[in-house]
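Okay, structure first, notes after.
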Amino acid sequence: MDDIRRPAATAVQEVPPGEPAPVLRPRGLVDLRGKERAPALLSYPADAVVVVSGLPGSGKSTLIRRWSGAASVVDPRDVHVACEAVMPSFLPYAVYRPWARLVYVRRLRAGVRAGGPFLVHDCGSRAWMRRWLAREAGSQGRELHLVLLDVGAAEALAGQEARGRRARPRVFDRHRRGLRRLVAALSAPGAAGGDGGPVPEAASVVLLDRTTREHVRAVEFRRRAGRQASGVRPGVGRPASGPELDVPRQARP
């Protein structure tokens with residue numbers, strides 16, 4: 001299932017002040033940047049693989065912790081800590097980084113093949129990683145979805161300072177360049193078209209900025225109407241939901 005059809009973009013309605021934020025079922029490109037309010041709940045298919053991406057320090061880990069009650073999670077930081085725990089303290093991480101990366105990829109593959117909702121923490125600057133995940137998910141009849149945090153370099157660096165953990169300058173610059181290209185492609189005229197767009201391997205791409213990142217409080221994973229309802233895993237602290245925004249999948253013309 002390498003050739004995943006890209007649906008048309010989801011229309012996002014502005015919510016009048018005082019009204020509950022809607023539930024959003026993302027399809028295609030959903031740009032929530034620059035909006036005063038955003039949906040409080042994102043709703044995905046029950047077996048979706050959702051990748052949360054952005055610069056180191058942009059808030060990916062915070063967002064995934066907020067959503068982690070709804071799905072299994074693979075975070076490279078957890079892999080780093082697990083590998084570090086079994087290595088001699090004098091051995092620098094650079095020595096066993098290739099092994100840690102292999103463990104991370106194996107956990108990703110196991111998570112995709114295990115079934116059920118799945119959250120992935122990934123920088124997003126490596127298109128080959130998304131394509132590989134999409135192929136793995138597609139082989140299991142699952143969709144890949146992307147949530148991308150469009151946060152500037154200065155704020156991301158401040159986030160690293162706040163957490164007391166900094167990415168190496170060379171690594172940060174590499175991610176910054178890759179994400180800059182991706183965000184520019186997603187922001188270009190016509191990017192929301194139904195012809196595949198810049199990320200054809202994803203069934204949806206949700207763009208968040210520093211404001212709307214705080215509004216999306218939870219995710220849920222639900223089976224489509226007419227299918228068995230077991231396995232639904234609502235997010236922790238699911239907010240009271242308002243109207244649902246749902247645009248059905250449209251095939252390419």
Self-check item: Hey, Trp132 in contact with a helix residue (DSSP H, G or I) (Cβ under 8 Å, 6 or more places away or on another chain), more than 20 Å from Gly28 (Cβ to Cβ) and either of a type in the set (Gly, Ala, Ser) or at pLDDT 90 or above (or both) or not
Solution: no
Self-check item: Pair list, Cβ under 8 Å, 6 or more apart: the range 137-156 residue in a helix (DSSP H, G or I), other residue at pLDDT below 95 and aromatic (Phe, Trp, Tyr)
Solution: Ala153/Phe172; Ala156/Phe172
Self-check item: Those residues of the range 157-194 which are assigned to a loop (DSSP other than H, G, I, E, B), small (Gly, Ala, Ser) and over 19 Å from the mean Cα position of the chain (by Cα), in sequence order
Solution: Gly164, Ala167, Ala188, Gly190, Gly193, Gly194
Practice problem: Could you figure out which of (1) within 13 Å of the chain's Cα centre (by Cα); (2) surrounded by fewer than 21 Cβ atoms within 10 Å (Cβ to Cβ) isn't true of Leu63? | Solution: (2)
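Name the one entry in Arg126, Arg33 that is open to solvent by 50 Å² or more (accessible area, probe 1.4 Å) and under 15 Å from Glu214 (Cα atoms). Spell out how you get there, then give the answer.
Working: Arg126 fails: under 15 Å from Glu214 (Cα atoms).
Going through Arg126, Arg33 in turn, the sole match is Arg33.
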Quiz item: open to solvent by 10 Å² or more (accessible area, probe 1.4 Å), on the phi > 0 side of the Ramachandran plot and either more than 15 Å from the chain's Cα centre (by Cα) or not small (Gly, Ala, Ser) (or both): does that describe Gly141?
Solution: yes
Quiz prompt | Hits in the range 195-221 - residues which are open to solvent by 50 Å² or more (accessible area, probe 1.4 Å) and either in a helix (DSSP H, G or I) or β-branched (Val, Ile, Thr) (or both) | solution = Thr211, Glu214, His215
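For the range 56-106, how many residues are touching a residue at least 40 places away in the same chain (Cβ under 8 Å) and of a type in the set (Phe, Trp, Tyr)?
Of all residues in the range 56-106, those touching a residue at least 40 places away in the same chain (Cβ under 8 Å) come to 56-61, 63-64, 66-77.
Going one step further and asking which of them are of a type in the set (Phe, Trp, Tyr), we end up with 67.
The number of residues fulfilling the criteria is 1.
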Quiz item: Only one of (1) part of a helix (DSSP H, G or I); (2) modelled with pLDDT under 90; (3) within 20 Å of Arg168 (Cβ to Cβ); (4) not charged (D, E, K, R) is not met by Gly57, so which one is it?
Solution: (1)
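The values are calculated or read from the model by the stated rules, or taken from the named source; none is laboratory data. Keep in mind the model is a prediction, meaning the values are calculated, not measured. Don't worry about glycine lacking a Cβ; one is built from the backbone with ideal geometry, like all the others, and counts go over all protein chains shown. These accessible areas exclude ligands, DNA and RNA; they are computed on the full protein's heavy atoms, side chains included. Shrake-Rupley method; radii C 1.70, N 1.55, O 1.52, S 1.80 Å.
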